[in-house]
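In what follows, a single structure is set out as structure tokens and then discussed.
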Amino acid sequence: MQRRLDVAGRCGYKMAMPAKKEDKKALLLGLGLDNDDGHLRLTRGENFQLVGGSEETHGVMQEKAVKFNEKLRERGRRLEEVSKEEFRDIAREIGLSDKNLL
């Protein structure tokens, strides 16, 4: 599952999956595209990595990634276990629209 633009078109989310099922891992990747202040912003967390963006955009990506993980915990699921449909459901619950998903 992938995401293109969020926060007025300034960041993207993607769920990356490896090719081999026995090594199944997933990563929520946030990519901010609106940085014009020269700062490189990187945040790593449980099953997510966020790169770039303005201070505001990066903050929003952090909030969404944390909320996404909270929803996974509420459901008793891991990112590796969710289907594309469930991924989209959770994304919508935390305020991401389909245009935010790649």
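Quick note: the coordinates plus some simple rules give every number you see, no bench work behind them. On a predicted model such as this, the values are computed, not experimentally measured, just so you know. So basically every Cβ, Gly included, is an ideal-geometry build from the backbone, and we count neighbours across all protein chains shown.
General observations
- For LEU101, distant residues with modelled amide H under 5 Å away: ARG4, LEU5
- Under-5 Å amide H pairs with LEU31, H placed in peptide plane, nonlocal only: GLY12, TYR13, VAL51
- Here the spin labels are modelled as points 7 Å beyond Cα on the Cα-Cβ line, and at ASP37 and ARG78 they lie 3.7 nm apart.
- According to the Kirkwood relation over distinct C-alpha pairs, the hydrodynamic radius of segment 11-100 is 13.5 Å.
- About the centre of its Cα atoms, segment 11-100 shows a dipole size close to 460 debye [charges on the beta carbon of Lys, Arg (+1) and Asp, Glu (-1) only; nearest 20 debye].
- A Förster radius of 25 Å combined with the Cβ-Cβ distance from ARG44 to ILE94 puts the calculated FRET efficiency at roughly 0.85.
- Normalised contact order of segment 11-100, rounded percent, pairs of Cα under 8 Å and 6 or more residues apart: 23
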